[in-house]
Each structure stands twice: as C-alpha cells, then as structure tokens.
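A short worksheet on the structure shown next.
The values are calculated or read from the model by the stated rules, or taken from the named source; none is laboratory data. It should be emphasised that the depicted structure is a prediction, and the values quoted were computed from it without experimental measurement. We place every Cβ from the backbone using ideal geometry, glycine too, and count neighbours over all the protein chains shown.
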Amino acid sequence: MGDDSQAVQQLKMQLRRSQSMAALGELTSTATHEFNNVLMTIINYARLGIRNQDAATRDKALGKILEASERAAKITGTILAQARNRSESLEPTDLGEIVRDTLVLLEREMNKYRINVATEIDPATSKVNASGNQIQRVLLNLLINARQAMPDGGELTVRLRNSEETGFVDLVIRDNGSGIPAETLPRIFDPFFSTKSGPDDSGKGGTGLGLAACKEIVDAHHGKIRVESSVGVGTAFTIRLPQC
Ligand SMILES: Nc1ncnc2c1ncn2[C@@H]1O[C@H](COP(=O)(O)OP(=O)(O)O)[C@@H](O)[C@H]1O
Ligand SMILES: [Mg+2]
C-alpha cells in the first residue's frame, strides 16, 4: 500500500513535468519558428538589395529589412521576458500586456491560417496576482487550440475585463470553429485526451496535455477555467483570476 501510493505520487510528478514541458514547448517552438521566418525575410531582402544596383530597389529592400528586424526584436523581447523579467511566482500582473506579447508571437501563424484576431482589452481591468510566464503558456495553448479548431479560417476574439464576480478578472478566448460535442466536453481537461491525430503541420498539439496544464496553472492561481461550446458554432474558454 505504502509503495503503491509512493508510485502514484511519482507518476503524478512525472505527469506534471510532462504537462509543463508541453506548455513550454509550444511557446519555444512558436517563437523559434517565427524568428526563423523573420530571418528568412531579412536574408532575402538583403540578397535582393545586393543584386540590384538601382536606388529604388535598394531603398525598398532596406525598408523591408528594417521592418523585419523590428519584428525580430519584438519576438526576442517576448522570449527574454519569459526567461528573465517575469518570474514563476505570483505578483501583480497586467494581463493586457501578456495578451499583446503573446499575440505578437502568433501574428504570422494566424494570418497563414486565415484567422482574424480581435482583441477587446478594457484598459480599466485590474491587475491580477499571477505568474506572467505561466499565464502566457495558458494563453498560447488556448489560442493554438482555437486556431486548430478553425481549419478553414475564422474569427478569434480575446477579451479582457473585470469580472461580474467581484474581485476577479475575466480573460475570454472565443473561436467560431468546430465546437466540442457535449459527450467529450467533460474529458477535455483530462491528461492525454486529444482528438488530434498528432502534431499539425506547424508541429503543435496532439499530446492532449495542453488543457490539463492550463487547468493546473489556473488552479495554482486560485482561479477558475470554464468552457462553453456548441458544435458548428464555436467555443469560448474563460479564465477567471483573482485581482490583487
Ligand atoms: N477551441 C477548441 N475548439 C474545439 N475543440 C477544442 C478546443 N480546445 C480544445 N479542444 C478539444 O480538447 C482536446 C484537448 O486539448 P489539449 O489538452 O490542448 O490537447 P491537444 O491540443 O494536444 O489535443 C483537443 O484535442 C480538442 O478535441
Ligand atoms: Mg492543445
């Protein structure tokens, strides 16, 4: 009996590690991929500028290089924030900033899959007591899930404002994708539950660990995660976190 419960504890710890690796993996692979794309743009325009002697082409190439470099700086800024500025401990956090940083990383990916992103961030939203790093991982998984639920493109809305429940903030991620059938809805937060056959062509999803990690992180923040979904209409996840 004693051995059994020790084994269970160990497995739980392993599961927790796998969950956080999956969440971190989604972030680093997204950022690396985006950064690489920007580098390709810079390289191609540099080549164009070198090949063409006329001033107009060179100006255009330099303009594109500048634009791409600024984007590259934003992407590394986000990664550095993950590594350094934002700690894993709970502290007063502006979720609007986290939302904006995360969407920078996904801008190109969302364009590629023809997903229109609308943000409604109420500037009067209170700060929450949170780990920015961890909330960014939650957000990234929810945004990528939403994108994957809209294979033919669609509308994604991210809304942030104070909750109707006093003392809380609501972050809502809504898509108009496939929706989730009522019979699978109770299982989506289970570790390893996935309806995907494996990672998609940008290497994301399919582990079934994303929502399990999201739930664990939100629980650790004394928050709540809720889902509303209807097949053929779409899905909305609400994360409710305590104000500080
Ligand atoms: N926005 C969404 N729309 C439709 N289904 C979703 C959405 N988010 C999650 N799901 C369902 O929940 C399952 C579990 O999600 P998750 O834990 O992130 O694992 P994974 O993305 O690796 O499949 C998904 O496989 C999918 O069936
Ligand atoms: Mg996922």
Practice prompt. Mind listing whichever residues of region 121-149 are modelled with pLDDT of 95 or more and assigned to a strand (DSSP E or B)?
Written response: Ile121, Val128
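Val128 - would you say it is in contact with a strand residue (DSSP E or B) (Cβ under 6 Å, 6 or more places away or on another chain) and either surrounded by 21 or more Cβ atoms within 10 Å (Cβ to Cβ) or farther than 24 Å from Glu26 by Cα (or both)? Step through it out loud before you land on a result.
Values: in contact with a strand residue (DSSP E or B) (Cβ under 6 Å, 6 or more places away or on another chain): yes; either surrounded by 21 or more Cβ atoms within 10 Å (Cβ to Cβ) or farther than 24 Å from Glu26 by Cα (or both): yes.
Judged against the criteria, Val128 is a match.
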Discussion item. Looking for something under 20 Å from Ser131 (Cβ atoms), within 16 Å of ligand 2 (Cβ to nearest atom) and out of contact with any strand residue (DSSP E or B) (no Cβ under 6 Å at 6 or more places or on another chain) - is there at least one such residue anywhere in region 234-244?
Written reply: no
Item to complete: Under 9 Å between Cβ atoms, at least 6 apart or on separate chains: pull out the pairs that start in region 209-231 with a residue that is assigned to a loop (DSSP other than H, G, I, E, B) and at pLDDT 95 or above and end on any residue that is within 13 Å of ligand 2 (Cβ to nearest atom) and of a type in the set (A, V, I, L, M, F, W, C).
Response: Val231/Ile180
Item to complete: Could you grab me the full set of residues in region 106-164 that are more than 12 Å from the chain's Cα centre (by Cα) and among the β-branched types (Val, Ile, Thr)?
Response: Ile115, Val117, Thr119, Ile121, Thr125, Val128, Thr157
Worksheet item: Within region 150-206, how many residues turn out to be over 16 Å from Lys112 (Cβ atoms), aliphatic (A, V, I, L, M) and buried (at least 17 other Cβ atoms within 10 Å of the Cβ)?
Response: 8
Discussion item. Looking only at residues that are more than 30 Å from Gly208 (Cβ to Cβ) and among the charged types (D, E, K, R) in region 22-59, which one is surrounded by the most Cβ atoms within 10 Å (Cβ to Cβ)?
Written reply: Arg58
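Quick check, is Asp201 at pLDDT below 90 and farther than 18 Å from Ser178 by Cα? Steps first, please.
Values: at pLDDT below 90: yes; farther than 18 Å from Ser178 by Cα: yes.
When the stated conditions are applied, Asp201 passes them.
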Worksheet item: Residue check, Val231 against (1) hydrophobic (A, V, I, L, M, F, W, C); (2) exposed (fewer than 15 other Cβ atoms within 10 Å of the Cβ); (3) over 22 Å from Gly25 (Cβ atoms); (4) within 13 Å of ligand 2 (Cβ to nearest atom), all met but one. Which one?
Response: (4)
Worksheet entry | Single unsatisfied condition, Lys224 versus (1) under 17 Å from the mean Cα position of the chain (by Cα); (2) away from ligand 1 (no atom under 14 Å from the Cβ); (3) not hydrophobic (A, V, I, L, M, F, W, C) | (1)
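If we scan region 163-170, do we find a residue that is closer than 22 Å to Ala31 by Cα and touching a residue at least 24 places away in the same chain (Cβ under 8 Å)?
For region 163-170, residues closer than 22 Å to Ala31 by Cα and touching a residue at least 24 places away in the same chain (Cβ under 8 Å): absent.
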Discussion item. Being more than 13 Å from the chain's Cα centre (by Cα), over 18 Å from Thr28 (Cβ atoms) and surrounded by 14 or more Cβ atoms within 10 Å (Cβ to Cβ) is true for just one of Leu66, Leu62, Leu90. Which residue is that?
Written reply: Leu90
